[in-house]
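**Student:** Got a structure for you, written out below as structure tokens; questions coming shortly.
Nothing in this text is a laboratory measurement; each read-out follows from the coordinates by a stated rule. Computed from a predicted structure; not experimentally measured. Reconstructed Cβ throughout: ideal geometry from the backbone, glycine too, with neighbour counts over all protein chains shown.
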Amino acid sequence: MEMRTLGRSALEIAPLAFGGNVFGWTADEKTSFALLDAFVDAGGNLVDTADNYSHWAPGNAGGESETIIGRWLAQGGARRARIVLASKLGKPMGPGLQGLAPDYVRKAVEASLRRLQTDCIDLYQAHADDAHTPLADTLGAFQRLIEQGKVRAIGASNYSGARFAEALRVAREHGLPRYETLQPEYSLCERTAYEREYEPLVLKEQVGVIPFFALASGFLTGKYRSAADFAGRPRAMMLERYATPRGWRIVEALRDIAARLRATPTQVALAWQLARPSISAPIASATSVEQLRDLLGAARLALSPDDLAQLDKASA
């Protein structure tokens with residue numbers, strides 16, 4: 001796969017990232033191992049997880065995804081050298097276990113390193129803004145982790161555009177490491193916030209962008225024909241927000257282009273993102289190797305200007 005540089009960091013990534021939110025939730029350990037093996041064997045390398053995956057699932061406490069990745073890495077075979085390992089902190093992990101205060105950052109990274117069975121996280125991201133902690137304090141804590149060799153680069157997710165811009169300014173003014181990546185929600189279904197609020201900034205500052213919900217929780221895979229098809233799905237409530245006339249119009253455009261290119265709606269939706277200069281690598285998840293191979297096909301799919309215009313019009 002073609003490699004891309006993530007922001008101004010030294011991290012080089014393939015154009016699609018694997019989302020580890022499914023590990024320990026909708027993919028058990030055996031399946032997760034098979035998915036990770038297939039991903040790296042196909043040339044993928046950016047694996048994105050978080051300490052609170054999957055805190056929301058019944059019976060889980062958080063840390064399940066990191067634990068499974070750690071057990072996969074522990075099998076050896078140069079697995080650690082083959083991936084760019086990204087994790088996140090800051091969302092709730094239990095009473096008093098959240099935020100970006102320096103003391104908590106120190107504790108959270110040690111817990112993640114233990115679960116991941118590694119001595120360094122390549123990309124460590126603030127999973128959510130912490131309005132109660134000064135940005136300089138958080139960035140200072142990240143600086144110490146970088147100096148200690150526990151983290152290579154840092155990024156942020158779920159920050160407002162104004163707050164992210166402020167974080168970049170604080171880093172510059174105080175001589176602190178800056179957020180090299182932004183992880184926003186972005187897809188054909190959710191375009192406005194990113195394109196208006198974030199994109200001009202990330203292009204100007206050369207920040208890497210790794211969007212989540214790139215397939216709108218599976219809505220853009222084309223497997224749903226009506227809202228009735230959501231019944232029994234783990235993300236049924238999330239899918240329902242896309243089931244609008246505009247949403248179905250986007251799906252029809254994806255199906256039309258996919259049929260013409262002998263591709264799949266999934267591949268077309270991801271290829272649309274990859275054609276955008278500001279996007280480094282969309283994050284997508286799979287629960288079977290067959291689904292994963294479908295995702296990876298997007299990196300080889302070239303959309304024409306007419307294809308892109310059709311999708312832009314449908315999603316306007």
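**Student:** Please turn the phi angles of the stretch 169-183 into ³J(HN,Hα) values with the Karplus equation 6.51 cos²θ - 1.76 cosθ + 1.60 (θ = phi - 60°), one per residue in order, whole Hz, x for glycine and proline.
**Tutor:** Whole-Hz 3J(HN,Hα) from phi for the stretch 169-183: 5, 4, 4, 5, 6, 9, x, 9, x, 9, 5, 7, 9, 10, 10.
**Student:** Output wanted: per-residue J couplings in Hz (rounded whole) for the stretch 268-281, from phi through Karplus 6.51 cos²θ - 1.76 cosθ + 1.60, θ = phi - 60°, x for Gly and Pro.
**Tutor:** Ordered by residue, 3J(HN,Hα) equals 5, 4, 6, 5, 4, 5, 5, 7, 8, x, 7, 8, 7, 6 Hz.
**Student:** Considering only the other residues whose Cβ falls under 12 Å of the Cβ of LEU168, what net charge follows from Lys and Arg at +1 and Asp and Glu at -1? Can you show the working numbers first?
**Tutor:** On the way: positive: ARG8, ARG163, ARG169, ARG172, ARG178, LYS204; negative: GLU166, GLU173, GLU180, GLU205.
That sum, taken over residues with Cβ under 12 Å, equals +2.
**Student:** Near LYS223, which lysines are there with a Cα under 28 Å away, not counting those fewer than 8 places off in the same chain?
**Tutor:** LYS30, LYS313
**Student:** Further question: Please work out the ratio of the alpha-carbon Rg of the stretch 4-183 to 2.2 N^0.38 Å and round it to two decimals.
**Tutor:** Values: Rg = 15.6 Å, N = 180, 2.2 N^0.38 = 15.8 Å.
Computed over Cα atoms of the stretch 4-183, the ratio equals 0.99.
**Student:** If you take every DSSP beta bridge whose two residues both sit in the stretch 4-183, what share of them, in percent to the nearest 5, is antiparallel? Write down the numbers at each step before the final one.
**Tutor:** Working: 2 of 21 bridges.
Antiparallel bridges: around 10 percent, rounded to the nearest 5.
**Student:** Hey, what angle do you get for helix 64-73 against the long axis of the chain, alpha-carbon based, 0 to 90 degrees rounded to 10?
**Tutor:** It works out to around 80 degrees.
**Student:** Could you list, bin by bin from short to long, the percent of Cα-Cα pairs of the stretch 1-67 in 10 Å steps?
**Tutor:** 22, 43, 28, 8
**Student:** Search the structure for amide H atoms under 5 Å from the amide H of LEU46, placed 1.01 Å from N in the peptide plane, and list their residues when 5 or more places away or on another chain.
**Tutor:** It is ALA14, PHE18, VAL84, by chain and number.
**Student:** Return the Cα extents of the stretch 163-281 along principal axes one, two and three, sorted largest first, each rounded to a whole Å.
**Tutor:** Rounded to whole Å, the extents work out to 53, 31, 20 Å.
**Student:** Hey, another quick one. Using the scaling law 2.2 N^0.38 Å as the reference, what is the normalised Cα Rg of the stretch 244-316?
**Tutor:** Details: Rg = 12.0 Å, N = 73, 2.2 N^0.38 = 11.2 Å.
Compactness ratio reported: 1.07.
**Student:** At q = 0.11, 0.14, 0.15 Å⁻¹, what is the base-10 log of I(q)/I(0) for the chain according to the Debye formula with one equal point scatterer per Cα and no solvent? Please give it to two decimals.
**Tutor:** -0.66, -1.10, -1.26
**Student:** For the chain, set up a Gaussian network in which alpha carbons nearer than 10 Å are linked by springs, and say which option among ALA101, ALA286, ALA156 fluctuates the most.
**Tutor:** Comparing ALA101, ALA286, ALA156 in a Gaussian network model of the chain, the most mobile one is ALA101.
**Student:** Here's another thing I want to ask about it. Roughly what percent of Cα-Cα pairs across the stretch 107-166 reach past 19 Å?
**Tutor:** On the way: 529 of 1770 pairs.
Tail of P(r) above 19 Å: 30 percent of Cα pairs.
**Student:** In addition: For helix 135-147, what angle does its Cα long axis make with the longest principal axis of the chain, in degrees from 0 to 90 and rounded to 10?
**Tutor:** 80
**Student:** So what's the stretch 107-239 giving for Rg/Rh, alpha carbon basis, Kirkwood Rh from the mean inverse pair distance?
**Tutor:** On the way: Rg = 17.5 Å, Rh = 16.7 Å.
For the stretch 107-239, the value is 1.05.
**Student:** Return the sequence-ordered ³J(HN,Hα) values of the stretch 107-122 in whole Hz as given by the Karplus equation 6.51 cos²θ - 1.76 cosθ + 1.60 applied to θ = phi - 60°, using x for Gly and Pro.
**Tutor:** 5, 5, 5, 5, 5, 5, 4, 5, 5, 7, 6, 9, 9, 8, 9, 5
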